[in-house]
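Taking it in order: structure first as structure tokens, then the write-up.
Every read-out reported here was derived from the displayed coordinates using simple, explicitly stated rules and does not represent laboratory data. On a predicted model such as this, the values are computed, not experimentally measured, just so you know. As a convention, Cβ positions derive from the backbone with ideal geometry for all residues, glycine included, and neighbour counts pool all protein chains shown.
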Amino acid sequence: MKSLWKIIERDNKKGKWSLPYVSLSPDGEILITRVTWEKSGSPAAYLIMFDDTNQRIGLKPTALGIKHAYKAYTKGTAGSRTLSCNRMLVEHGIKLKHGLRFTDIEIDQDGFITLDLRTAVINRLSVAHQRRESGKPSPIAYEANAQSPGT
């Protein structure tokens with residue numbers, strides 16, 4: 001039998017992991033892919049900021065010795081980084097039922113990453129995980145309290 005091989009053409013689309021990707025888990029863990037981390041200057045740490053008015057998270061690249069710096073821990077073998085920022089969720093009354101994926105990530109020339117909670121979408125992996133755990137996901141993904149956490 002003679003083989004009739006046909007070449008499968010490749011398009012110029014970039015792969016899923018070659019685009020900026022950041023997610024936030026309900027525990028307050030921010031996951032930054034290697035591509036996003038490199039575009040922000042490959043910092044050892046970030047200053048985590050929150051804009052209450054616009055419901056945005058800001059990640060400013062910095063060095064480890066700087067006051068209030070959150071270390072960017074390596075996660076896995078693909079070079080992604082994680083930041084533990086549960087304190088931000090608690091202080092600003094943010095409650096997540098599912099993890100969020102940020103769809104419109106902005107990285108300026110200084111490496112400052114802007115993440116908008118208003119346009120974030122539910123991370124499908126988080127929903128699948130909750131289904132395995134409890135059976136049914138909740139439709140509410142993000143809820144911010146207008147009151148401060150202490151009141």
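A Förster distance of 35 Å, applied to the separation of the beta-carbon atoms of LYS97 and SER3, puts the FRET efficiency at 0.10. Would the range 1-127 count as rounded, prolate or oblate if I go by the C-alpha gyration tensor, calling it rounded below 1.5 in a/c and otherwise prolate when a/b exceeds b/c, oblate otherwise? It comes out prolate by the Cα gyration axes. Distance between the 7 Å Cα→Cβ label points at SER42 and ARG118: 3.6 nm. Stretching the chain fully between ASN54 and ILE66 yields a gain of 1.7 nm (0.36 nm per residue, less the alpha carbon separation).
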